[in-house]
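Derivation of every value follows stated rules applied to the coordinates shown; laboratory data play no part. No experiment lies behind these values; they were computed from the predicted model shown. Glycine also receives a Cβ, built like all others from the backbone with ideal geometry; neighbour counts cover every protein chain displayed.
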Amino acid sequence: MTYASAKAHQNKLTAACTEAGKALKAYPQNAIGLTPDHVRASPEWRRARRAYDLAFAELRAFNAGFVKTYAKEYRADLAREREGRAGLTR
């Protein structure tokens, strides 16, 4: 696997995790941002939470190997992103 294909796979996993998180945020929350127990007991919420947990676990496992395998390339990408943001704020 090349760095470009690994990065594309990482982006796909990140998008899946983000979408699963948005599905969880659609459920009602109380004033301090917690999901009430009656909502958490529903099968729909449990399915959404399970989907999020699986997506996050897959992303986390992938990132563990990705960062080690492509350390140089990843650091170079981060440096380019930082330079780009620094150029926008000046």
**OP:** Can you give me the three principal axis dimensions of the chain from its C-alpha atoms, in Å, biggest first?
**Re:** 47, 37, 16
Subject >> Size of charge dipole - the stretch 25-90 - debye, nearest 20, with Cβ of Lys, Arg +1 and Asp, Glu -1, no other charges >> reply: 120 debye
**OP:** Arrange Glu73, Glu19 by Cβ neighbour counts within 10 Å, fewest through most, would you?
**Re:** Glu19, Glu73
**OP:** Report, in degrees rounded to the nearest 10, the 0 to 90 angle that the Cα long axis of helix 71-89 makes with the longest principal axis of the chain.
**Re:** 80 degrees
Original post:
Angle between the Cα long axis of helix 43-69 and the longest principal axis of the chain, 0 to 90 degrees, nearest 10?
Top reply: 20 degrees
Original post:
Going by how many other Cβ atoms sit within 10 Å of their own, how do His9, His38 line up, fewest first?
Top reply: His38, His9
